[in-house]
Structure formats: C-alpha cells, structure tokens
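Below is one structure. I have some questions about it.
The values are calculated or read from the model by the stated rules, or taken from the named source; none is laboratory data. Quick caveat, the model's predicted, so the values are computed rather than measured. Don't worry about glycine lacking a Cβ; one is built from the backbone with ideal geometry, like all the others, and counts go over all protein chains shown.
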Amino acid sequence: MRHTVPIAPQFYVTAPQTCPYLDGRLERKLFTALQGEHAQKLNDTLSKQGFRRSQNVLYRPSCAECSACLSARIRVADFQPTRSQRRILRRNGGLMRNATSPWATEDQYALFRRYLDERHADGGMADMDIFEFAAMIEETPIRSRVIEYSRAPAEGERSRPLAAVCLTDVFDDGLSMVYSFYDPDLQSDSLGTYLILDHVAIAREAGLPFVYLGYWVPGSRKMGYKSGFSALEIYKGGRWQDIGDAAAHGAELHPLSVDPIAEQVARINLPQARPADIRPIID
C-alpha cells in the first residue's frame, strides 16, 4: 500500500512596517522557511499561489489594511511585444547574455552598488554590503541562475562590461525574476523592460509557459509598468486571471478586502511528499 502526505511547513507573520509601494500604509508578510529535500516542490507549489522567494524564505503580502499586492506573470505563448517594446529589443540587440550558477562576483556587486546609489539610495537595500549581497545571490535551496548581460566594450575597455544582472529562479512551469539591476548610465536603454522581454524569450526557448514578475500593485507608480506587458495574469481571489482593465482593481485597497490570517493559511494548497511504502501487517 502506498500513500502520500502533505508537506506541512509552519507559517508566520511579520510585524507591520512602512509599505514601500503605497504612501501612508503598513505592510505585513506571511512567510515560511524554504529548506530541506522538498524545497523545490514547496517553492513551485506556493509560487503558483502568489508567494515569492527571498533567499531561503517564501513570503506573500498579508496586510491588515489592503490586499493590493497581486502576483503577476506573463503567458509566454500569448505574449506579443508592443511597438515600443520591439524598439527596446532592437536597441539592446548588442547585449550578450550569459547564464551562470548563483555565485556572486565583485563585478556584480560593483554594478549593484551603482544601481542602488543612483536609483534606490533611500530603499531598504541601500546599506547592503558585499556579504549580504552574496547571501542574496547564493543562499538558494532551489534551482536558480544568475543571468548576466554584457555590452560591447567602449574605447579603452579591454572586456565586455556588465550592463545588467538578474537573479532568476527556475520553476516547473516558468521563470521567476527574483531581483534585477542594471547600469544606471544606460537608463535610456530601458534595460528593466529589456530583461523581462529577454526572459520571455528564454522561457519560450525552454518550453516554459510563464514568466513570473513579482507583484503588481494597483495605485503604485513604482509597479505600474508591469501592466504594460501583454498576456499578463494576476493571482486574485485564489486563482490566476487575465488582468483586464488595470484601473478596475481599486477595491483591493479597501480594508474589507483582507481575509483573516487563519483563513488565508487554511486555503493554501500544499504539495504532497513522495509516496511512502507502508508494509501490510500479516497475522
């Protein structure tokens, strides 16, 4: 006789902190540890339910005042770039892609520091040192890649300098862009958009149906760009659905849109452990 049992992680809730996306609000996260032999299976299962990975932790926003953070993903088979996005692809056609194992380098950190100092000097990662950066890249219990993009060397440069870097997780159904950064001097090249477009291409080449973009937040200018990609789905009401009219999701900003923590946890679908052999009792 064989049977399966669910993988049963413990879930916790963080203390309220200032919301990085919406002014005057507090954020709270529901999270669980990602470790052990079932880490990949747990990550694959919970990511399809709106969770994201940060090192060896899986988390999902669980705020008391709103449910605005909606996990977003692109359906690769249905994606069609806009005219503007096609121009971005042509503009960055000279970049060289190199997918490597999740190992941090000094060149990556130097680019990361320039990116933070220029773009997010007052953000939560502004004080991250090289050891913390290495932990962000390397502490992964699942299948992950660092995808580097280098540009052609300018006059006086001997090698191709890094232009952008993305830490990417590989799911059973897609790619998840965990964190990306790029050369702030190349801001006019729209490298943030280019990285997403190239990940769609990578997923298509690999036969993976989705590219996970993290959270889209209605009402947040910082996250608004994600709604500009076609074939975009959001995880809302316990299921994935087409985003439709982006302006129609304002109800998630209301406190009554939030379910109690216990109900949220009870509705999480957990993966099954590997089948275990049960020896029959013989009289």
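Residues are listed down the side, and each one gets a yes or a no for (1) touching a residue at least 24 places away in the same chain (Cβ under 8 Å); (2) under 26 Å from Gln17 (Cβ atoms); (3) surrounded by fewer than 16 Cβ atoms within 10 Å (Cβ to Cβ):
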site: Arg113; (1), (2), (3): no, yes, no
site: Glu139; (1), (2), (3): yes, yes, yes
site: Arg145; (1), (2), (3): yes, no, no
site: Ala154; (1), (2), (3): no, no, yes
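Still on this structure, please answer the following. Just to check your reading of the model, which residue among His249, His254 is at pLDDT below 90, out of contact with any helix residue (DSSP H, G or I) (no Cβ under 7 Å at 6 or more places or on another chain) and surrounded by 13 or more Cβ atoms within 10 Å (Cβ to Cβ)?
Criteria check complete, one pass: His249.
Please state which of the following conditions Asp23 fails to meet, knowing it meets all the rest: (1) under 28 Å from Leu208 (Cβ atoms); (2) surrounded by fewer than 17 Cβ atoms within 10 Å (Cβ to Cβ); (3) of a type in the set (Asp, Glu).
Going through the list (1) under 28 Å from Leu208 (Cβ atoms); (2) surrounded by fewer than 17 Cβ atoms within 10 Å (Cβ to Cβ); (3) of a type in the set (Asp, Glu), Asp23 breaks only (1).
Next question, about the same structure. Let me spell it out: the conditions are (1) within 30 Å of Phe210 (Cβ to Cβ); (2) free of Cβ contacts under 8 Å to residues at least 24 places away in the same chain, and Ser159 meets all of them except one. Which number is the exception?
(1)
Yes or no: the range 132-142 includes at least one residue that is among the polar types (S, T, N, Q) and within 15 Å of Leu191 (Cα to Cα).
No, that holds for no residue.
So Ala121 clears everything in (1) at pLDDT 95 or above; (2) aliphatic (A, V, I, L, M); (3) not in a helix (DSSP H, G or I) except one condition, right? Which one?
(1)
Give the residues of the range 216-265 that are within 16 Å of Cys66 (Cβ to Cβ) and part of a loop (DSSP other than H, G, I, E, B), sorted by residue number.
Matches in the range 216-265: Val217, Pro218, Gly219, Ser220, Lys222, Met223, Gly237, His254, Val258, Asp259, Pro260.
While we're here: Among (1) in contact (Cβ under 8 Å) with a residue 60 or more places away in the chain; (2) in a helix (DSSP H, G or I); (3) not β-branched (Val, Ile, Thr), where does Ala164 come up short?
Answer for Ala164: the failing condition is (2).
Among the residues of the range 57-97, write down those that are touching a strand residue (DSSP E or B) at 6+ places or on another chain (Cβ under 9 Å), in a loop (DSSP other than H, G, I, E, B) and at pLDDT below 95.
Ser62, Cys63, Ala64, Glu65, Ser67, Ala68, Cys69
Restricting attention to the range 37-56, does a residue exist that is assigned to a loop (DSSP other than H, G, I, E, B) and surrounded by fewer than 13 Cβ atoms within 10 Å (Cβ to Cβ)?
Yes, because at least one residue in the range 37-56 is assigned to a loop (DSSP other than H, G, I, E, B) and surrounded by fewer than 13 Cβ atoms within 10 Å (Cβ to Cβ).
Is it the case, given these coordinates, that Ile74 is in contact with a Ser or Thr (Cβ under 9 Å, 6 or more places away or on another chain), within 30 Å of Thr18 (Cβ to Cβ) and free of Cβ contacts under 8 Å to residues at least 40 places away in the same chain?
no
Across the range 26-36, which residue is surrounded by the fewest Cβ atoms within 10 Å (Cβ to Cβ) among those that are assigned to a loop (DSSP other than H, G, I, E, B) and at pLDDT 90 or above?
Across the range 26-36, the extreme among qualifying residues is Arg28.
A further question on this structure: Can you tell me which residue in the range 169-210 is surrounded by the most Cβ atoms within 10 Å (Cβ to Cβ), limited to those that are without any contact (Cβ under 8 Å) to a residue 40 or more places away in the chain and hydroxyl-bearing (Ser, Thr, Tyr)?
Taking the candidates together, the pick is Ser180.
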